[in-house]
1. Using a 10 Å cut-off on Cβ atoms, rank the peptides 127-136, 381-390, 58-67 from the highest mean neighbour count down.
2. So what is the calculated 222 nm ellipticity per residue for the chain, using -39500 (n - 2.57) for each DSSP H run with n of 4 or more, over all residues, to the nearest 500 deg cm²/dmol?
3. Where does the Debye-calculated log10 I(q)/I(0) of the chain sit at q = 0.06, 0.10, 0.11, 0.13 Å⁻¹, using only Cα point scatterers of equal weight, no solvent?
4. Per-residue HN-Hα couplings for the range 268-273, Karplus 6.51 cos²θ - 1.76 cosθ + 1.60 at θ = phi - 60°, whole Hz, x for Gly and Pro?
5. Sorting S219, S206, S166 on the 10 Å Cβ count, fewest up front, what's the list?
6. For the range 229-237, just list the computed ³J(HN,Hα) in residue order, Karplus coefficients 6.51, -1.76 and 1.60, θ = phi - 60°, integers in Hz, with x standing in for Gly and Pro.
7. Across the range 377-389, in residue order, what do the Karplus-derived ³J(HN,Hα) couplings come to in whole Hz, using 6.51 cos²θ - 1.76 cosθ + 1.60 with θ = phi - 60° and x for Gly and Pro?
8. Cα centroids of the range 361-417 and the range 118-166: how far apart, whole angstrom?
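No lab work stands behind these numbers, since they all come straight from the coordinates. Remember, predicted model here, so these are calculated numbers, not experimental data. Cβ placement follows ideal geometry from the backbone for every residue including glycine, while neighbour counts extend to all protein chains displayed.
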Amino acid sequence: MGEKQKNFGETSRAVSGKRRKLKISHIFLLLLLIAAATFTLYRLNLKRKLRSRIEAIRAAGYPVTCEELDKWYSIPEGVENAAYFILDAVEYYVEPKDIKLLPLLGKAELPARNIPLTEETKSVIARYLNDNQKTLELLHEAATLEHSRYPIDLTLGNEIHLDHFSDLRRGYFLLCLQAVLHCENEEPQLAICSVLSALAIANSLSNEPIIISQRAHASQYTYTISILERLINRLDFHDEQLVEISKTLDNPRNLPGMTRAFAGHRCFILDAFENLTILNDDMFGDNIPPKPILEVYKALGFADIDLITCLDIINKYIEAEKLPLHKRMDVTKNIIHKLENISCFHIGLRSFNLDLSRYISTELRNIAELKTAQAAIAVQRYRLAKDELPDQLKDLVPDYLDSVPTDPFDGKELRYKKLETGFVVYSIGENLSDDGGIGMPQTIKERRKIRNWDITFIIAPGTPHGEH
């Protein structure tokens, strides 16, 4: 009897142990199922959020894929394409023999706005222009065309080639130097024609939905305004010529198309996340994660999280473009603060260029350059008509300006100041500091001495650049 009880007790304990193991395994299995279901719901929720972001982009009229972006970058059917004229013009281009002696293209610096060129520089420029007469003729023809679409394949996404940049740069600076030489030869109407053609060639990039394209456009626009400032200081333009310049400056194509550029950048980001193998050493340098890590990063949903964040950030930049000019930088400061606190686990966020604040800042600078130039031309017209300078910019309204232009950096009226031999119209610029209308020194040596300056348009014959 004792033996039977012993065996029964051992059997009971064994059965109880099996039951406990069975319960534990059931609980473990249940936990696994719950975890799997939770993870599945988590991944589905991420996909839903991502899908809703993409649908919202399309609903707003923007492209999502690189194929859509390529179609979005278009011109009306049946119109002549200025880009083809520009590329054809550069087929006849002859490289300068003395490029080191050329301003803009070479190492030679263009003198301050009131200082004439040396005879040697004039001779070098004249030879360069003479060798490129055919190119110049076709560039001027291209400048009369409104629409432009360069033959680039945006479906390549991040692998796109921008071979037209070098051709465009040659043509643009060729026209700028032609304007400078016409200025030296005291040919105001020809100088106007050349500088406005240069502006039109720069504007051939205005529709291109790529950040680097708009950066090039902005840079060329700045050069154009500085050349224009030189012409107005050294030549005697009559009122009709100043009106012609002012009307041309009023063209919205003059300014960078940053909304289009941000939309294009977003397509490239979506393209990269579609295939994580595109996250290569060009983005990470020597710290590119191994492929297995990238696969885990994608499998755990971090790729979707980062992509959603990327789309939200780009959308904030695009929305900032709709705000009053002086409020746009505040939005970018908040974005930059967020980007500074990204952890190393967010591979996608760390690999893409999402600090686009400098492009908005550049855009505001271009707008300030435009407004100061237009206001300065209005002041010059007033001076021609009344043989005196206005006391304030309000005196130009309504005969020469519809209203006093506002500074894109602080929202206040542009500053105006009479000088000993002329005047300056200026914006306080990115540093939000009124430096009294001191213009940016032209040479690097001068910039080391003068650390702060404003965005200026100075008309003061006989006064060196950046001085009063």
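1. Values: 127-136: 17.4, 381-390: 13.7, 58-67: 15.2.
My ranking of the peptides, most packed first, is 127-136, 58-67, 381-390.
2. Details: 17 runs with 270 residues, N = 468.
Per the formula, -19000 deg cm²/dmol.
3. -0.37, -0.85, -0.99, -1.25
4. So the J values, rounded to whole Hz, are 5, 5, 4, 5, 5, 5.
5. Numbers: S219 16, S206 19, S166 10.
With the sparsest Cβ surroundings first, the list reads S166, S219, S206.
6. Calculated HN-Hα couplings, in order: 4, 4, 4, 5, 6, 9, 10, 9, 8 Hz.
7. 5, 5, 4, 4, 5, 4, 5, 5, 6, 10, 6, 7, 8
8. Centre-to-centre distance over Cα atoms comes out at 32 Å.
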